[in-house]
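The values are calculated or read from the model by the stated rules, or taken from the named source; none is laboratory data. Everything quoted here is computed from the prediction, not taken from an experiment. Here the Cβ is made from the backbone with ideal geometry for all residues, glycine too, and neighbour counts use every protein chain on show. The protein model used for the area step is the full one, side chains on, heavy atoms only, and it has no ligands, DNA or RNA in it. Shrake-Rupley method; radii C 1.70, N 1.55, O 1.52, S 1.80 Å.
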Amino acid sequence: MNYPFCPEEELKDVGKFRPVPKPYGVPSFPVRKFNTPITPKENFLRLARGEKPLWMPNFSVDFNCLQPMVMPDAYARTYGGTDWFGIEWQYEELSRAAMVKPGTRRLSDIVNWEKELVFPDLKAIDWKKDYQEHYADLMEPDRATTFIIVNGCFERLADLTSFEDTFCYLLEEPEAVGDFFEKLTDFHIELFKIAREVYHADAITFHDDMGTQINSFMSPATFREVLLPHYKRMNQAAHNMGLYMILHSCGCVGNQMENFCDTGFDFWEGQDNCNDKTALLKQTTSRMGQVSIFQPPAEMDGEELRQYVENHVKTMAEAGRYMPWVVNTNPGRKVDINEVIYVTSRKLYCGETEEK
């Protein structure tokens, strides 16, 4: 069905989406609704399926983003404390996030993981109670829901031991690493079931940072040998549940794009200041889309800001399947960034030109 852009209808005041508890300790706030021809959820699903959306999905507007603090990992990574595997995290005021407390080591050696680690019992948490108390009355059914999970396979092993030892284990103890990742993958799949059945998730945002500012932590060959089989099984299980998979992976990881595609991730949420996101999107968009933080300079406003946002939307829409996550560091702006994204992409996707 064709949906011509009708600004008089689509931009009229129809209220705001209610705030949903946000991940990463970020305050939640209401956000403006647009009178869209289809729901934001259906629009996202079009993009995820490789179909043409009506507008560029905007994480800041179109999604319920959940990271339930009933998960010890979520709380410890945000505020400090002990995570699911007994690792102590320490809150750092400067970064407004937590890191593994210096000197902490939970696992003596990867070969000892079966003897030294106790995997969390997911049945011990009353997930339905958490959903009813914190989300049931706030969830917006017209929006897609992504359930955020931190500490993927690589990060988990590094947090349990150290980065230096983890690099060695990947090369020297592939069998023990593989057995541990197999168990960890089973754990994640069980958590996906909870996300889907209790929290009604449409997508999982799965964290596993894979690089520094200048290169990936491991070669593509090592990734294929050690990590790819487990992530491929994990993603297939998620897809069987009707979930889409978003890999959050910071660092300069452009050399891993084909691997990320081969594992079956549907989107990559990566770091803009050390990757050519546009080129990588063009390279992989037939197999994997992108999510990206979009943060216009705080001092920018007026026509300059409007043009800046329009150019970004046009560039990324031309590159492929893309969703921005808007961070507005200047809420006093005259220009509504979310509106510019919606209007610009709506015109692009329905074939309007400036002359029209």
Report the local net charge at ALA319: Lys and Arg +1, Asp and Glu -1, summed over other residues whose C-beta lies under 12 Å from its C-beta. +2
Treating the beta-carbon of each Lys and Arg as +1 and of each Asp and Glu as -1, no other charges, what is the dipole magnitude of the chain about its Cα centre, to the nearest 20 debye? 860 debye
Helix 228-240: angle to the longest alpha-carbon principal axis of the chain, degrees 0 to 90, nearest 10? 50 degrees
Translational diffusion coefficient (Stokes-Einstein; Kirkwood radius from C-alpha pairs) of region 159-263 at 25 °C, 0.890 mPa s, in µm²/s: 168 µm²/s
Region 1-123 - percent of accessible surface contributed by carbon and sulfur, probe 1.4 Å: 53 percent
Residues in region 305-341, backbone N under 13 Å from the label point at LYS282 (7 Å along the Cα-to-beta-carbon vector): list them, ranges by number please. 315-320
For region 23-30, in residue order, the Karplus 3J(HN,Hα) values (coefficients 6.51, -1.76, 1.60; θ = phi - 60°; whole Hz; Gly and Pro = x) are x, 6, x, 7, x, 8, 8, x
Note to self: with every protein chain in place and a 1.4 Å probe, region 49-160 gives an accessible area per residue in Å² of 46 Å²
Rounded accessible area of LEU247 (nearest 10 Å², 1.4 Å probe): 0 Å²
Prolate/oblate/rounded call for region 286-356, Cα gyration tensor, a/c under 1.5 rounded: oblate
Considering only protein heavy atoms, with the full assembly of protein chains and a 1.4 angstrom probe, order ARG96, ARG105, ARG143, ARG32 by accessible area, largest first. ARG96, ARG105, ARG32, ARG143
Summing +1 per Lys or Arg and -1 per Asp or Glu among the other residues with Cβ less than 15 Å from GLU182's Cβ gives -3
Estimated [θ] at 222 nm from DSSP helical runs (n ≥ 4, -39500 (n - 2.57)) normalised by residues in the chain, nearest 500: -11500 deg cm²/dmol
Counting Lys +1, Arg +1, Asp -1, Glu -1, what net charge surrounds LEU305 among other residues with beta carbon under 11 Å of its beta carbon? -3
Carbon plus sulfur, as percent of the 1.4 Å-probe accessible area of region 256-298, comes to 47 percent
With all protein chains modelled, accessible area of GLU164 [1.4 Å, Å²]: 120 Å²
I'd like the FRET efficiency for GLU93 and SER162, computed as 1/(1 + (r/R0)^6) with the beta carbon distance as r and R0 of 25 Å, rounded to 0.05. 0.55
Would you mind computing, in nm to one decimal, how far apart the modelled labels at GLU116 and GLU304 are, each placed 7 Å from Cα along Cα→Cβ? 5.4 nm
How high is the relative contact order of the chain, given as a whole-number percent (alpha carbon pairs under 8 Å, six or more residues apart)? 16 percent
ARG233 accessible area, assembled protein chains, probe 1.4 Å, Å²: 80 Å²
Could you state the angle between the C-alpha long axis of helix 163-172 and the longest principal axis of the C-alpha atoms of the chain, as a value from 0 to 90 degrees rounded to the nearest 10? 70 degrees
Report the label-to-label distance for GLN236 and LYS129 in nanometres (one decimal), using points 7 Å from each Cα along the Cα→Cβ vector. 3.8 nm
Tilt, helix 302-319 to longest principal axis of the chain (alpha-carbon atoms), in degrees rounded to tens, equals 60 degrees
Per residue of region 282-296, what does 6.51 cos²θ - 1.76 cosθ + 1.60 with θ = phi - 60° give for ³J(HN,Hα)? Whole Hz please, x for Gly and Pro, Karplus curve as stated. 4, 5, 10, 4, 6, 10, 7, x, 9, 10, 8, 5, 10, 10, x
Please turn the phi angles of region 59-69 into ³J(HN,Hα) values with the Karplus equation 6.51 cos²θ - 1.76 cosθ + 1.60 (θ = phi - 60°), one per residue in order, whole Hz, x for glycine and proline. 4, 5, 10, 9, 10, 8, 9, 10, 9, x, 6
